[in-house]
Amino acid sequence: MAHFDLENEVNSALRMDMPLTRGPLMRWQRREQGQNNSSINISLNASVASAKTPSKSLNKSLNSGAYSKTPNSKTPGSAGRKKTPSKGSKTPSAADRFIPNRSTTHIDAAHYKLCTQTQPNVEDSLMLSPSRQEYKQLMNENLNGDALQKKIISFNEKPPQAPEGYLNNLRVLYSTSKVGTASKKTTRHISQQPDRILDAPEILDDYYLSLIDWSAQNVLAVALGSCVYLWDASHGNITLLLQQENAGADYVSCVNWTSDGNHLAVGLSTGIVELWDPSQQKRLRSMSGHAARVGSLSWNSHLLSSGSRSGSIHHHDVRVAQHHVGTLLGHSQEVCGLKWSPNGKQLASGGNDNILNIWQAGSGSLLTGAEPIHTFNQHQAAVKALAWCPWQHNVLASGGGTADRHIQIWNCNNGVNLHSVDTNSQVCALLWSPEYKEIISGHGYTQNQLTIWKYPGLTKVAELTGHTARVLHMCLSPDGTTVVSAAADETLRLWKCFDVDAATKKNKSKSVTKDNPSSLLMHLR
């Protein structure tokens, strides 16, 4: 009957819906069974030697299972040992592992990263032109969006927390045995007092104008009423550049330097745009075309864009006699904010109609299309404060007036609002710091302060107070360390809020020089 029992057990084991009732024997069980089998073999040999034929008692014992091929259900010698836990024992209720949540897991992004994304070849990237590299980056952002920046696996449960009132007794021991080390400096010192204060008498208290600009040659241009003064920050010299003939009625409404700092564009309340050479103190040309005052100016190489109170934007090519080469009609009220992106491919315009427009330049041209590629209406007040990110040319920061008070961060490639923060006061000006990845904003009522924000979280780093009236304009020095603010209290204040450690800057410049390939290698084909 033993072989029938074995066959039944094998059939039961092969069935997938039935649990295994018998598993492999433990080492000590196999050793004791071997000893018992050896003793049985000895007794069998002795009985065979004493009798020529097996006795009936031996056959009876064999038939009864004393020496069977299939082991008994009870293992010899297992009575005094601890039983192995059965499958019926319950698993502890405490969570012991993380279980991925498939509803929030990005399966497509995971498959893309595992199967298609490879390590870029450094030599191949060096052989690509800058325009080709930028094209690949833009295509990656437009096609994939922010999917590749998210986590592939998300977990459904958090690790179990310690019970309430639990105290680790070893905490004091390990905390007192630590060797004192110099803590890493996580914050820098920002002076709350201005580095210098300059008088700015008769500066206009007008939110929609742009009256100061700092050139690449460290010269600050300030419009005071009907005059424009130049302050040389290197030597402290002050020069009167121009003065309007009809000083009582006409005034200077905006100023803007070229990228090299050799020429200054001046917008007047009469709607005329003038081009000046500060080195010779000479007016080079006068360009008309606007029907109302010019409140904003922005350069893009040899193309000068001007925004008027009538809501129109004109493009002027200063190289030719017929300077007016384009007109943009995207605002119904005064254009008070106008900025070209650092790469010269996008123009941002903000108006008193609470509209922010993004204009795209044509391929191989500086002129923009007649229609904006994006129109944002999230602001609830005039949009004057505009600033492009220096390390991400498609990211724009915009600020709203008294009824809005928000700073918005935009991705101008796909029109997505990246971040937003309520400043609780009028936003008059915005600047980016290229050294610390921070934004500084100038505000009006009630504190008339300058606020430094950490990007991208837009957490407040510091507040600089001192002005007694709203901060209307801000500019950044050529070295990126000093911010000048012009307020309605007729003062200019210079804040050294982005000062960089000399040793850190030196090491950083060395590493950049070592890592970046030469321009000759970049253009080799």
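The values are calculated or read from the model by the stated rules, or taken from the named source; none is laboratory data. These numbers come from a predicted model, not from an experiment. Because the Cβ atoms are built from the backbone with ideal geometry, glycine has one as well, and the counts that use them run over all protein chains shown. Just the protein is used for accessible areas: all its heavy atoms, side chains included, with ligands, DNA and RNA removed. Shrake-Rupley method; radii C 1.70, N 1.55, O 1.52, S 1.80 Å.
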Report task. Determine, yes or no, whether ALA382 is modelled with pLDDT of 95 or more and not β-branched (Val, Ile, Thr). Result -> yes
Requested in this report: Please specify each residue of region 331-356 satisfying the condition of being surrounded by fewer than 20 Cβ atoms within 10 Å (Cβ to Cβ) and within 17 Å of VAL294 (Cα to Cα).
Outcome: SER332, GLN333, ASP353
Report summary line: Of the listed residues (TYR445, TYR436), the one being touching a residue at least 60 places away in the same chain (Cβ under 8 Å) and either open to solvent by 50 Å² or more (accessible area, probe 1.4 Å) or closer than 20 Å to LEU494 by Cα (or both) is TYR436
Query raised in the report: Got at least one residue in region 468-477 being out of contact with any Leu (no Cβ under 8 Å at 6 or more places or on another chain), within 21 Å of ASN352 (Cβ to Cβ), open to solvent by 30 Å² or more (accessible area, probe 1.4 Å) and outside any strand (DSSP E or B)?
Result: yes
Report task. Return yes when HIS393 is within 24 Å of HIS473 (Cα to Cα) and at pLDDT below 95 and no when it is not. Result -> yes
Report summary line: Among (1) more than 34 Å from the chain's Cα centre (by Cα); (2) in a loop (DSSP other than H, G, I, E, B); (3) of a type in the set (A, V, I, L, M, F, W, C), VAL228 falls short only on (2)
Report summary line: Flagged in region 326-352 as closer than 19 Å to HIS379 by Cα and among the polar types (S, T, N, Q), in numbering order, are SER332, GLN333, SER349, ASN352
Requested in this report: Could you list, in sequence order, all residues of region 266-282 that are outside any loop (DSSP other than H, G, I, E, B) and open to solvent by less than 70 Å² (accessible area, probe 1.4 Å)?
Outcome: VAL266, GLY267, LEU268, VAL273, GLU274, LEU275, TRP276, ASP277
**Report entry** Residue tally, condition at positive phi and either of a type in the set (Val, Ile, Thr) or buried (at least 18 other Cβ atoms within 10 Å of the Cβ) (or both), over region 236-250
**Finding:** 0
Requested in this report: Check SER286, SER253, SER259 and return the single one that is of a type in the set (S, T, N, Q), open to solvent by 30 Å² or more (accessible area, probe 1.4 Å), touching a strand residue (DSSP E or B) at 6+ places or on another chain (Cβ under 8 Å) and closer than 28 Å to TRP495 by Cβ.
Outcome: SER259
Query - Top-ranked residue in region 478-488 [being in a loop (DSSP other than H, G, I, E, B) and among the β-branched types (Val, Ile, Thr); ranked as surrounded by the most Cβ atoms within 10 Å (Cβ to Cβ)] - result: THR482
Query raised in the report: Can you name the residue in region 104-132 that is surrounded by 12 or more Cβ atoms within 10 Å (Cβ to Cβ) and closer than 25 Å to HIS393 by Cα and is also modelled with the highest pLDDT among such residues?
Result: LEU128
Query raised in the report: Out of (1) open to solvent by 10 Å² or more (accessible area, probe 1.4 Å); (2) more than 18 Å from TRP340 (Cα to Cα); (3) out of contact with any Ser or Thr (no Cβ under 8 Å at 6 or more places or on another chain), what's the single condition that is false for TYR229?
Result: (3)
Query raised in the report: Which one of these is in contact with a strand residue (DSSP E or B) (Cβ under 7 Å, 6 or more places away or on another chain), closer than 28 Å to GLN137 by Cα and not β-branched (Val, Ile, Thr): GLY369, GLY351, GLY364?
Result: GLY369
**Report entry** Options LEU347, LEU356, LEU297, LEU328; residue that is farther than 19 Å from VAL395 by Cβ, in contact with a Phe, Trp or Tyr (Cβ under 7 Å, 6 or more places away or on another chain), modelled with pLDDT of 95 or more and not basic (Lys, Arg)
**Finding:** LEU328
**Report entry** Complete set of residues in region 421-433 that are outside any loop (DSSP other than H, G, I, E, B) and either out of contact with any His (no Cβ under 6 Å at 6 or more places or on another chain) or under 23 Å from LEU492 (Cβ atoms) (or both)
**Finding:** VAL421, VAL427, CYS428, ALA429, LEU430, LEU431, TRP432, SER433
Query raised in the report: Which one of these does ALA221 not meet: (1) touching a residue at least 12 places away in the same chain (Cβ under 8 Å); (2) open to solvent by 40 Å² or more (accessible area, probe 1.4 Å); (3) in contact with a strand residue (DSSP E or B) (Cβ under 6 Å, 6 or more places away or on another chain)?
Result: (2)
Report task. Say whether the condition of being open to solvent by less than 70 Å² (accessible area, probe 1.4 Å) and on the phi > 0 side of the Ramachandran plot is met by at least one residue in region 188-210. Result -> no
Report task. Filter region 298-330 down to residues that are of a type in the set (Ser, Thr, Tyr) and not in a strand (DSSP E or B) and give me whichever is surrounded by the fewest Cβ atoms within 10 Å (Cβ to Cβ). Result -> SER301
Report task. Hey, can you tell me all the residues within region 449-467 that are assigned to a loop (DSSP other than H, G, I, E, B), over 21 Å from the mean Cα position of the chain (by Cα) and on the phi < 0 side of the Ramachandran plot? Result -> GLN449, THR465, HIS467
